[in-house]
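In what follows, a single structure is set out as structure tokens and then discussed.
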């Protein structure tokens, strides 16, 4: 054999797997054997737990990363434990920090998709706030465009951030506790050393983000830094920690100010606020139409407010008095028949009426303005018997839902094309991605335009979906466990029988939905 032939003979085993890996397209290929041999899985996005993929319990021993991509491989699921960053090909992972422990989770970044930049290596092209593990905008990082109640499930981790990049037009609030609790710091520009901030270094556990340039809220609690709303202060004289609210807050304990902590209140012209000593708008209350620097001089008292009602539309009636025809656009429930007694107007769905002013199993009449549709349910989470209303009804005793029976409410006043719970009616579809309990688009159904971390609180329920309708322009991923974990399947078109898909029948417990965003 000639010297040239011998050289080619020796090179071929190495070249063939590399060519095979390249043939897989953009992404990261993990192999069960060394030198890119054995069973393989190709990844094009982050994987929280490889045991939940087709690779299952196999241990990756080599990896091939296509040009323009980068992988960070972790010893444990959830992006934890020892890790190694790979670009290109690595024939034997046992020579890295992972040793013989193998790979359990992976972070994937590819130019043009996840991408990278010098200042925010995991968030190129993403408009948002970037946290860095090290001061000076160095070390592992991740960019967030929405609120994060628990950073422990992210790449950056909880109590790990040391610096933060906040682009122009964005606002970030960093919290030391999960669920937006504990000490906090509001930032509107980059900060290269969090040790010098109130929140501290290696202390951030949750994050609020607003990059809409308006300071408006991205969360249900009504946070609106600098926006139009009612502001509570921990100290009298409008001092101390503060937070601005543009919507009702049934429990102030999950806010920056906290429950039973407010000592003064700022109410801008045209707004009305009502503070309550109990959660869920209960207990003693005081109505404010202007600022008050000493709550100890009011009926609600100092360090006593536990919930808050806000109206900046000039239609507020304390004590629940929003009667039929009130200027607020929405469906109004009344405790007594004939549109009397305690009442409240709703412009969005309410999965549990027990935390509202009217209460669960208390409604006796309902006002539905022209152009609105409401559906009352006897069970929480839009379950049980139900009745659809497209006009006012002065005595619920004469309806299927019954008197003093409504526990949850669905409302549509033009945002979506309403579809009652009993089937796929005319006009169905534009509401978003729809799950059905039975195959062939039959049975109980519900439409979604946003992610659902736990389907158990929806009309369809967890482990109940058997078919799915996906309108043009939408894409959805169903997961076998809550919190977007477990076995998954992605759909961009209708599927009349989930039995033939990776997720399976009666298996979906959470879902991610995209109907026009740039996430996919």
Closer than 28 Å to residue 375 by Cα, surrounded by fewer than 17 Cβ atoms within 10 Å (Cβ to Cβ) and not assigned by TED's automatic domain parsing to the domain that holds residue 349: is that true of residue 450 in this structure?
yes
When the residues of the stretch 335-376 are narrowed to those that are assigned to a loop (DSSP other than H, G, I, E, B) and more than 31 Å from the chain's Cα centre (by Cα), which ends up surrounded by the most Cβ atoms within 10 Å (Cβ to Cβ)?
364
Would you pick out the residues in the stretch 49-71 that are within 25 Å of the chain's Cα centre (by Cα) and surrounded by 20 or more Cβ atoms within 10 Å (Cβ to Cβ)?
50
In the stretch 377-395, what residues are in contact (Cβ under 8 Å) with a residue 24 or more places away in the chain and either farther than 25 Å from residue 461 by Cβ or in a loop (DSSP other than H, G, I, E, B) (or both)?
380, 381, 382, 392, 393, 394, 395
From the set of residues in the stretch 460-481 that are under 19 Å from the mean Cα position of the chain (by Cα) and assigned to a strand (DSSP E or B), which is modelled with the lowest pLDDT?
475
Where residues in the stretch 18-39 are in contact with a strand residue (DSSP E or B) (Cβ under 9 Å, 6 or more places away or on another chain) and assigned to a helix (DSSP H, G or I), which of them is modelled with the highest pLDDT?
20
Checking the structure you have, find out if any residue of the stretch 493-515 is without any contact (Cβ under 8 Å) to a residue 40 or more places away in the chain, outside the structural domain of residue 382 (by TED's automatic domain parsing), crowded, with 16+ Cβ neighbours inside 10 Å and within 19 Å of the chain's Cα centre (by Cα).
no
Can you tell me which residues in the stretch 248-305 are closer than 15 Å to residue 236 by Cβ, without any contact (Cβ under 8 Å) to a residue 40 or more places away in the chain and assigned to a loop (DSSP other than H, G, I, E, B)?
257, 298, 300, 301
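Conditions tested, residue by residue: (1) modelled with pLDDT of 85 or more; (2) in a strand (DSSP E or B).
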site: 176; (1), (2): yes, yes
site: 179; (1), (2): no, no
site: 184; (1), (2): no, yes
site: 200; (1), (2): yes, no
site: 204; (1), (2): yes, no
site: 216; (1), (2): no, no
site: 219; (1), (2): no, no
Members of the stretch 221-247 that are touching a helix residue (DSSP H, G or I) at 6+ places or on another chain (Cβ under 8 Å) and either assigned to a strand (DSSP E or B) or at pLDDT below 75 (or both):
221, 232
The stretch 137-162 residues that are in contact (Cβ under 8 Å) with a residue 24 or more places away in the chain and assigned by TED's automatic domain parsing to the domain that holds residue 199, paired with ones that are surrounded by fewer than 20 Cβ atoms within 10 Å (Cβ to Cβ) and part of a helix (DSSP H, G or I) (beta carbon under 6 Å, 6 or more apart)
158/152
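The values are calculated or read from the model by the stated rules, or taken from the named source; none is laboratory data. Not measured: the values here are computed from a predicted model. Backbone-built Cβ (ideal geometry, glycine too); neighbour counts: all protein chains shown.
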